[in-house]
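**Q** Structure incoming, see below.
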Amino acid sequence: MSIFVCKKSFAILKNTTQRTITLADLSKSANISKSECSRCFKLSLNTTPYKYLTEYRLSMAAQLLKTTREPVGNIAASVGFRQMSHFGKCFKEKTVYSPKAYREVENNL
């Protein structure tokens, strides 16, 4: 698989914060099979497309929590999380803080 196809897949994921994207959607847009798409992510980033997208969305959320006063629920929705509870769980797994606590800690530094 070429680096170009992998980069195209990454770009597609980064532009999908507002909608759900499936592995089938991603592989179709890159003109590769679902298994090839998964293999590309595993070889290039040592992760799955879903985990990559989740990490990307959590990073975007962390930046917004640090730099805006937007409500946490709005931030979660703006980066692509449909359920606030899922966002909170994922965020805490990544940072050890709830989104609200993360904002407080980051703003006190």
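Nothing in this text is a laboratory measurement; each read-out follows from the coordinates by a stated rule. Everything numeric in this text was worked out from a predicted model, so none of it was measured. Neighbour counts run over all protein chains shown; Cβ positions are idealised from the backbone, glycine included.
**Q** Any of Lys66/Lys89; Lys34/Lys94; Lys34/Lys89; Lys51/Lys100 with alpha carbons more than 20 Å apart? Name them for me.
**A** Listed pairs above 20 Å: Lys34/Lys94; Lys34/Lys89; Lys51/Lys100.
**Q** Please state the charge dipole magnitude for the range 37-81, taken about the Cα centre, from unit charges on C-beta atoms (+1 on K and R, -1 on D and E), reported in debye and rounded to the nearest 20.
**A** Rounded to the nearest 20 debye, it is 140 debye.
**Q** Starting at 0 and stepping by 10 Å, how many percent of the alpha carbon pairs of the range 32-74 end up in each bin?
**A** 27, 35, 21, 17, 0
**Q** Same structure, new question: Taking the Cβ of Lys94 as the center, what net charge do the other residues with Cβ under 13 Å away carry, scoring Lys and Arg +1 and Asp and Glu -1?
**A** +2
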